[in-house]
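Structure record follows, encoded as structure tokens.
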Amino acid sequence: MGFTVYRGSFTAEVFCDFLDRLNRQFDRPVHLVVDRHSVHRSKKVRTWLADHPGRVTLHLLPAYAPETNPDELVNSDLKRTLLPASRARNADQLADEVRRFFRRRQKQPHIVRGYFQGPHVHYITEMPGM
């Protein structure tokens, strides 16, 4: 499970920075499950993927349907687990707590797998042309 915590808007630049980090971190191809956010399908991202052939494959989740999207289960887990116990007093502290949460989840693959095994979860399709 890869993640990034950022401030501001989710842009193609933010996502390409994340792709760069994944590309440096792994010495084998990466399969990345993403929703159909316009950033994921942007020209800048397509260019990044074309410039790094075979390094990252994007797999798109079905069109907007939160009950079928494993990412929504991740968000729900984050909110259910972190927010009630949060002691954050500012954005920096909250970002630190979110990073700790996701680092814990990275060490719990059984929980990550569970995000994809929900009763209404639909599975991914490879991004056309990638």
(message) Testing the spin-label approximation: label points 7 Å from Cα along Cα→Cβ at Phe3 and His110. State their distance in nm.
(response) 2.0 nm
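How big is the charge dipole of the chain about its Cα centre, in debye rounded to the nearest 20, if each Lys and Arg gets +1 on its Cβ and each Asp and Glu gets -1 on its Cβ?
Values: 21 positive and 14 negative charges, 74 e Å.
Once rounded to the nearest 20, the dipole reads 360 debye.
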(request) Starting from the Cα of Lys107, draw a straight line to each of the lysines and keep only those under 20 Å, dropping any in the same chain fewer than 8 residues away. (result) Lys79
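Every number here is computed from the coordinates shown, using simple stated rules; none is lab data. Only a predicted model underlies this, so the values are computations on that prediction, with no experimental measurement involved. We place every Cβ from the backbone using ideal geometry, glycine too, and count neighbours over all the protein chains shown.
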